[in-house]
Amino acid sequence: MLLGFEDFTARLLDWTLWWNTEHRPSPLRGKTPLEAWQDDPTPLRDVPAADLWTFTLEDAGTRTLTTRGVRFRRRDYVGPWMTGQAGIQVRVGFMPHHDHRIEVYDAATGHYLGPADLADQATEEQLRAVRRARSARARRLKKDLEASQRERYAAATQAEPPRRLGALTGAQANAELAQTADTDLAQLAMPDLIPPAAPPADWRTPASPAALTTPGPPVPYPSGRDGASAPDGPTGGPHLPPPTKTETPRDRGHLPVRRPARCVRRSPPAPCSPPGRTSPTPLPPAP
């Protein structure tokens, strides 16, 4: 039975206490390690924990200190001592598996500059959500691995290629292939490869989205019912008629709206006619 982390730590501490205070190795001539340590006249010097930390660090090479801090493993590390130090060359030291902090030294002199902490660290709620997602993904991968290892082969009485056993319906095979294809396409997706087309010239578009688009073809003005197109404006494009709806603060930033033509109620009612045409004169009633 495997021990939990807490049980293992408790047993390790008990063993350490026994070794130092009760165990009497033969080289110490009947003394415990603690008694031999206390009887040793060699002077002691306490080393600060910050200095001991440096013995656990590994060298990650040189970096350039920028206004965003130090770039290490595609993440930014910052410290209050970095103010006014942008542009200098530094050397990074890190402790494996403790990526929340790095130690920074001057690349030329080796002088210790200070620590740098990970910028924009995730909250505890985000970390718990990531751990849950990783656990679920690990369970799915383990299940798929166990399923792939459950291969069964038919019995053979002579030397021949192995024959796998196990049957799938067509629906099961298509579902598994579709799931694999969706995963592969999601990994190959490049949404920023083709920028979106530029909006029409009469749209009110902020400068930041407009810079991310590519120029598109001009939008033709729709032809009328009689085949005539709208005349060109002063810039060479189609001359758009002004909107018939008054613009309000609520409508700013949106496209102009043109109301369709409506019939006016008269007595007697007159037939509707499209804009630009004259209604024929009705004939007098027969006597």
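Side notes on the structure shown:
- In Å, descending, principal axis extents of the Cα set of region 55-118: 30, 24, 18
- Selection of GluC sites (Glu not before Pro), region 1-70, meeting DSSP coil and at most 15 other Cβ within 10 Å: 22
- Approximating the spin labels as points 7 Å out from Cα along Cα→Cβ, the residue 68-to-residue 5 distance works out to 3.2 nm.
- Using the Cβ-Cβ distance between residue 153 and residue 198 with R0 set to 45 Å, the FRET efficiency from 1/(1 + (r/R0)^6) comes to roughly 0.15.
- For region 1-100, the Kirkwood estimate of hydrodynamic radius, built from reciprocal distances between every pair of different alpha carbons, is 18.4 Å.
- Translational D in µm²/s for region 111-176 (Stokes-Einstein at 37 °C, 0.692 mPa s, Kirkwood Rh from C-alpha pairs): 188 µm²/s
- Debye intensity ratio I(q)/I(0), log10, region 44-157, q values 0.09, 0.10 Å⁻¹ (C-alpha model): -0.43, -0.49
- Three-way shape label, region 1-40, alpha-carbon gyration tensor, a/c 1.5: prolate
The numbers here are math on the coordinates, done by the rules we state, and not lab data. All figures in this text were calculated on a predicted structure; none of them were measured in a lab. So basically every Cβ, Gly included, is an ideal-geometry build from the backbone, and we count neighbours across all protein chains shown.
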